[in-house]
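Remarks on the structure that follows.
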Amino acid sequence: MGFEEVVEGIVRVAEAVGAAILVLGALWALAVFVRDVADHGRRSGAYAAVRRNIGRVILLGLEVLIIADIVRTIVVDPTIESVVVLGLIVVIRIILSFSLEVEMDGSWPWQRWRLRSSDDGRGGDRTAPPSS
């Protein structure tokens, strides 16, 4: 058993872990959703919570799958074609990540500081010292 075969086995394990995160995480998010819907006190926020939880699961699963793709591209199959495919996968993952972040938080990641600064009563520049 050579080095490339060992690394390919590791890549397969990483892919299986990424897929398991996606499947088990989605099942967990749905179970939490069912529990929240059954509890009248949590029912109003259940839909937003399940969307946020599923988005987080997808992001985590994609991170693990990207790791597997990077290892495969660098160690097992370092061809121009595999590097281009990896680049496309990473670009798609970035776009998906940004869109999931916007879907979960309601704002672009670079706008969060503005929302937080307006929520803390200070408004304006986040670096400004708190007023006395």
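The values are calculated or read from the model by the stated rules, or taken from the named source; none is laboratory data. Fair warning: this is a prediction, and the values are worked out from it, not measured in the lab. For neighbour counting, all protein chains shown are included, and Cβ atoms are generated from backbone atoms with ideal geometry for every residue, glycine included. Calculation scope for accessible area: heavy atoms of the full protein, side chains included, ligands and nucleic acids excluded. Shrake-Rupley method; radii C 1.70, N 1.55, O 1.52, S 1.80 Å.
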_Between residue 90 and residue 112, how high is the FRET efficiency from 1/(1 + (r/R0)^6) when r is the Cβ-Cβ distance and R₀ = 22 Å? Nearest 0.05._
0.45
*Can you send over the carbon and sulfur percentage of the accessible area for the range 23-111, probe radius 1.4 Å, protein chains only?*
72
